[in-house]
Amino acid sequence: MPMKLICTVKFVPDPDSFTAGRNRLILNPDDACALGFALAVKSGDPGVTIEVVTLGPLSVRPHMEDLLRLAVDRGTLIWDSGLEGSDAFVTSRVLSRYIADRPCDCVLTGSHSLDGGSAQVPVQIAESLGLDQMLGVIRIDPDRFDPTRAVFQAVDETGVTTWKMAMPGVLSLTRESGYKLPYPALTDLRRDVSEDVNILTSRDLGFSADQVGRAGSLSRVAGSYPVTYGEKDPVVVGTDDDGITRVVDFLKKKGVCR
Amino acid sequence: MKQTCILQDTETPEKTRDLLAAAVGMYGRDGFESHVVLVNASPETFTGRFHHVIRVAEGLVADNDPRAITEILETLHQTYGFDSILIPGTTLGKMIAPRLAWRLRTGLASGVTDITVRDGRIEITRPARSGTILETILPEGPGPVMMTIRTHAFEHPPEETVPTRISTCSLPVTTRSTLTRLGVDQPLESRDIRDYEVLVAGGGGAARCFPALKPLADALNGAVAASRKLVDQGIAQRHIQVGQSGKTVSPKMYLALGIHGSMQHLAGLRGVTSIIAVNTSPHAPICRLSDMVVQGDACEFIEKLMDKLMPNPHKNT
């Protein structure tokens, strides 16, 4: 039985353009790995179906269209102005309500997002759906990935561990997995998919205005400020003998070596 | 008196007491009663540190089962009505805290590095956007204040002991995960990079000679660390990664070899006493924070420094 896979993704500001006024958006790297794995599964079994779901502003629509050109079967973008300011709790609530009506064998996500990095959403989606979940997945055994179970490796503070988990479940990948998005076929590059992105609002999913956005959120970001570090006036040396000697002297002075 | 629940750090139990510093930040030293929930540790380590040690009955839950541990914490909250629940920012903690917050319908601040109280309101600080900014989060709603604490962000100084009562939690658990550990493929070294006073860290400029960092670290009684770039390239393992998505370190000496010093990386340096940066560009961001900058190739530097530290009498003979 071919698997049905759902990938939740997020488009995040490119960290290399944070200082610009309007940040360029990129597919969150961990999420890209999750989708990369899903597409690899599909390339081995064309019967596999992949749906990509995101909650984000309508400006991400072109990015969703790019994903539809990569053999993704369905792309769903959930957005309305009421969702603006939603915290992780609301995001999880909206996404999980949508996924609950789309039975699947596995939800694939990234472990962390570049912008928030809290790893809350995949865990709360799993909790909402009553599923198991694992963070830090770096490899999924394609031969032991089916509608009943998944065998995979995950990394944590103790090392790399091989796990088995019943499906359906939520697997959250990291960039270390190395799964990459394929390049679109030349014919797909020209394919018009502008009408293929399924756009839903929070009202379509049965939420009232007070359940989403700032009103429905359980935490509030009161402010943010750039990180600053105390700057020093360093001694600059080269890699010549004098420079290395001064490094050794400095290490000795600090008690690092004798 | 506020009631604070702290979940044991299952990987490094002795670090659990550092979470008390977060509670002190919220309520002051004498403003709370601490309850620590032990999943796989014996109470002795915690006696005198916490007011109440709650030992989960042996065999009740697996120490790697986030769903079962979540249920235990939820039930304990129903019993004790905690004002705050603090969870270590470990991988397991990150898989427990959001589940518990969901069940309790309360907000969750993740990766917290600082806590202050302003005008009677708790303000929680956490890094965001790859460590480039710090966010101030205000808990809202009636639920307990919940957060995961970034490892090494708080340090609770040794202090007078407090009277401790010990109880055992043997409540029935109805939700368990299907996770089965099939094997540990790459066990890590027992010592964490956060425990070293000297770190020899490699970045993109040291990629081609990364194995050479180990002998240098050994010569300096230190450990090898790495930037995210080397981890993403598969050259270094994630457990030695320094930075926003890695670990926060506070060594006395940090040798940054071929590390550019992105905000993401600098977010992992906290209270480092001295930094020596080796970089082909003296304008790399890491250089501005350094005590000494060696302008040049990191691999060449390692070779020459090793020759100086451990001269080989047989070399060139």
Pull up the cross-link candidates among the aspartates and glutamates for A:Lys254, meaning alpha carbon to alpha carbon under 12 Å and not fewer than 8 places away within one chain. B:Glu197, B:Asp291
Segment B:124-238: relative contact order in percent, alpha carbon pairs under 8 Å with at least 6 residues between: 16
Normalised contact order of chain B, rounded percent, pairs of Cα under 8 Å and 6 or more residues apart: 14
Output field shielding_mean for B:101-108 (other chain Cβ, 10 Å radius) holds 6
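Please report the projected area of segment B:115-177's Cα convex hull averaged over all directions, in nm².
Working: hull surface 35.3 nm².
Result: 8.8 nm².
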Cβ-Cβ cut-off under 11 Å around B:Met1, Lys and Arg +1, Asp and Glu -1: the net charge is -2
Calculated FRET efficiency, A:Arg144 and A:Tyr225, Cβ-Cβ r, R0 51 Å, to nearest 0.05? 0.60
Each label sits 7 Å from Cα toward the beta-carbon; between A:Ser43 and A:Met1 the label points are separated, in nm, by 2.7
Based solely on its DSSP helices, what 222 nm [θ] is calculated for chain A when runs of n ≥ 4 H residues each add -39,500 (n - 2.57) and the sum is averaged over all residues, nearest 500 deg cm²/dmol? -7500 deg cm²/dmol
For B:Val198, net neighbour charge (Lys/Arg +1, Asp/Glu -1) across residues whose Cβ lies under 12 Å away: -1
By per-residue mean of other Cβ atoms within 10 Å, what is the highest-first order of A:79-92, B:167-180, A:42-55, B:232-245? B:232-245, A:79-92, A:42-55, B:167-180
So if I take the centroid of the Cα atoms in segment B:247-317 and the same for segment A:31-108, what is the distance between those two points in Å? 42
Which ³J(HN,Hα) values in Hz, rounded to whole numbers, follow from the phi angles of segment B:277-291 under the Karplus curve 6.51 cos²θ - 1.76 cosθ + 1.60, where θ = phi - 60° and Gly and Pro get x? 9, 10, 8, 5, 10, x, 9, 4, x, 5, 5, 5, 9, 9, 7
Which loop trypsin sites (Lys or Arg not before Pro) in segment B:73-128, with loop taken from DSSP, have no more than 12 other Cβ atoms within 10 angstrom of their Cβ? B:Arg105
Please label the shape of the protein assembly as shown as rounded, prolate or oblate, based on the square roots a ≥ b ≥ c of the eigenvalues of the alpha-carbon gyration tensor (a/c under 1.5 means rounded; beyond that, a/b larger than b/c means prolate, else oblate). oblate
Note down the net charge around A:Ala150, summing +1 for each Lys or Arg and -1 for each Asp or Glu among other residues with Cβ under 10 Å from its Cβ. -1
Using alpha carbons only, how many angstrom separate the centre of segment B:1-55 from the centre of segment A:127-203? 36
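Taking every residue in B:124-131, how many Cβ atoms of other protein chains lie within 10 Å of its Cβ, on average?
Neighbouring Cβ atoms belonging to other protein chains average 6 per residue here.
Quick one: compute the contact order of chain A, relative version, from alpha carbon pairs under 8 angstrom and 6+ residues apart, as a percent. Spell out each step's value before the answer.
On the way: 458 pairs, mean separation 61.0, N = 258.
Relative contact order here is 24 percent.
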How well do other chains shield peptide A:125-138, expressed as the mean number of their Cβ atoms within 10 Å of each residue Cβ? 4
What ranking do B:74-84, B:273-283, B:206-216 get when scored by the average of other Cβ atoms within 10 Å per residue, highest first? B:273-283, B:206-216, B:74-84
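Every read-out reported here was derived from the displayed coordinates using simple, explicitly stated rules and does not represent laboratory data. Everything quoted here is computed from the prediction, not taken from an experiment. Using ideal geometry, Cβ is built from the backbone for each residue, glycine included, and neighbour counts are taken over all protein chains shown.
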